[in-house]
Each structure stands twice: as structure tokens, then as C-alpha cells.
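Please read the structure below before turning to the comments.
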Amino acid sequence: MRDSKPATPRNRYKRVVLKLSGEVLRGGKAGDPIDGPTLEKICIQVKEIHDLGVQVCVVIGGGNIFRGLNGEKRGVDRTTGDYMGMLATVINGLALMDCLEKLGVNTRVQSAIPMNQIAEPFILRRAMRHLEKGRVVIFVAGTGNPYFSTDTTAALRASELHAEIILKATKVDGVYDKDPKKYPDAVRFEQLTFIDALKQRLNVMDSTAFSLCMDNSVPILVFDLGNEHAIRKAVLGEKIGTLVHN
Ligand code: UDP
């Protein structure tokens, strides 16, 4: 007799780095930097792919709270501002941890700047072990160095951990040939190569992050987190966002 059970969806990816910009945690344009319901919605999406058996690393940004470059405009020394930005990612990471744990997902937070009371230090082999044990690993404090970004952190961690892809969750639904906010005729790419993105000067990630991905052949999927089940669709390889690859 044929098995009448519905086919379970096949994951396209087994290990992913999910890059969340800090802004995705904000509720509305001028809402709280970390909005409870928004945070929960994101964590439910993370749980969804975790339940599919995907090994999930999260690299969280801090732009909803502080960015070194913005601080510089207000007279804060760039290096100091960057450390403030890195600390902002720690706040966001703890919020993610708390919410995911409440949803029943085991997590570990690893920080690139040692702060033993609140997070483990970043140790690659330990992170691998957590993933194998089904824990979501949240990387905070960026690379631990000023003048870098959390996009670069995502590129670095994805390379170190041999993740198959970076899922770059944003508020736009992919990469366009020009700014879709300014130009209504802007066209979204379904996929493009790193070289094409470079040639056309498309802003996929900052240049350090971008070249790290290109050199190590780590594909990047840029997609809109607001799309229903967006992260799930991404790991199942459904058509969503823009895939940048070699
Ligand atoms: N940052 C840094 N080094 C890193 C990662 C981040 O100095 O390796 C600082 C930098 O000031 C940055 C801020 O932390 O502006 C927040 O990170 P990011 O701008 O990448 O956050 P996102 O835009 O993703 O929210």
C-alpha cells in the first residue's frame, strides 16, 4: 500500500547563517528599538526552520540602537562608537535568546568580546557542537573589532562554520538595479553573480563582507523578513528575494 502521509518538505540547506539587521526588531518607523510582538514574530520564524532540522546560526546587528558611523556624526570617536555598536548587538542578541527560549528553542549566545557573565566567548568548535546538538547559536558583538560590520561578521562566521548560505533578512524584498524607493521602474533580480553585482555596483553588502563571501563562495540570499514564512521559504529553496552566488 502506498504511504498516504503528506511528503515532508526537503530542506535545501542544512546549516545556515541568518543575518538579522537590528532594524528588523524595531516596531514601525519610530517604534521601540526592540518591539515585543515584532521580536516574537521573528523568533517564530526562526523556530520554524529549527523545527525542520536546519542548523541555525544567527548574526544580529545593532543598528536599531547604535551605529559607530552615526555616533561619529555626533562627535563620538569612531572606535568608541563602534564598540558601542557592538554592545548594541549584545542587547539585541539577549532579546533574541530570551524570546527563542520562551518558544522552547535551545540557544547559546557567543560573544566576540568576552563578557563571561552574560555570554559564552566565541569558540568555533564549541559553536559547531552546539549546532550539532540542535541549539540555535546567536553571535553577538560582531567580529569584536571596530571598523567592521555585522554583515562582515556573518560572512566570517559562515565561512568558518562552513554554512551553505547567508540568509540576509531585511526590509526590502531583494536586490534591485536601482533604488526602488526613488525609482518606481526599478527591477528586482531573482539571482545574480558576485561579479555582476560588482560590475553594476549593486549594494548587496558592504565591500569587506561582499568580498569575503565572493572569495569563499558563500552565497547570499537577500529577502524581506516581512514576507510570511520568509525564512522557511528561503531554506526550502522556494522563490524568494535575490540570490547572489558564484
Ligand atoms: N560593529 C563593529 N564591528 C563589527 C560589527 C559591528 O564595530 O565587527 C559596530 C559598528 O559600529 C556597527 C554597529 O556595530 O555600525 C552595529 O552593527 P551593524 O551596523 O552591522 O548593524 P545592522 O546594520 O546590521 O543593524
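Each value in this text was obtained by applying a stated rule to the coordinates, not by laboratory testing. Everything numeric in this text was worked out from a predicted model, so none of it was measured. Every residue, glycine among them, receives a Cβ derived from its backbone with ideal geometry; neighbour counts consider all protein chains shown.
Considering only Leu87, Gly226, Gln200, whose Cα is most displaced toward the positive end of the charge dipole of the chain, charges sitting on Cβ of Lys, Arg (+1) and Asp, Glu (-1)? Among Leu87, Gly226, Gln200, the one farthest towards the positive end of the dipole of the chain is Gly226.
In a reduced charge model with +1 at each Lys and Arg Cβ and -1 at each Asp and Glu Cβ, segment 1-138 shows a dipole moment near 600 debye about its Cα centre. Anisotropy class assigned to segment 88-174 is rounded, per the alpha carbon gyration tensor with a/c under the 1.5 cut-off. Within segment 158-205, the GluC sites (Glu not before Pro) that combine a DSSP coil assignment with at most 12 other C-beta atoms in a 10 angstrom radius are Glu190. The trypsin sites (Lys or Arg not before Pro) of segment 111-213 that DSSP puts in a loop, and whose beta carbon has at most 15 other beta carbons within 10 Å, are Lys133, Lys171, Lys178, Lys181, Lys182, Arg201. When both segment 110-175 and segment 228-246 are represented by their alpha-carbon centers, they are found 20 Å apart. Structure remark: mean-square fluctuation, Gaussian network model of the chain, C-alpha springs under 10 Å; the largest value among Pro184, Pro37, Pro121 belongs to Pro184.
Rounded to the nearest 20, the size of the Cβ-charge dipole of the chain about its Cα centre is 360 debye, with Lys and Arg at +1 and Asp and Glu at -1. Within straight-line reach of Lys73, meaning a Cα separation under 24 Å, sit the following lysines at least 8 residues removed in sequence or on another chain: Lys29.
Database remark: amide H of Ile138 closer than 5 angstrom to the amide H of Val58, Arg108, Val109, Gln110 (H placed geometrically; neighbours at sequence offset of 5 or more, or on other chains; Pro and chain starts carry no H).
For segment 146-246, the alpha-carbon radius of gyration amounts to 1.03 times the rule-of-thumb value 2.2 N^0.38 Å expected for a compact globular protein. Applying the Kirkwood pairwise sum to the alpha-carbon positions of the chain produces a hydrodynamic radius of 18.4 angstrom. The mean sequence separation of alpha-carbon pairs under 8 Å and at least six residues apart, normalised by the residue count of segment 59-137, gives a relative contact order of 21 percent. Of the chymotrypsin sites (Phe, Trp or Tyr not before Pro) found in segment 119-211, those in coil by DSSP whose Cβ has at most 13 other Cβ atoms within 10 Å are Tyr147. Given R₀ = 45 Å, FRET efficiency for Glu120-Tyr183 by Cβ-Cβ distance, to 0.05? According to the calculation, E is roughly 0.50. Compute the signed sum of charges (Lys and Arg +1, Asp and Glu -1) over the other residues within less than 11 Å, Cβ to Cβ, of Glu101. Here the charged neighbours net out to +3.
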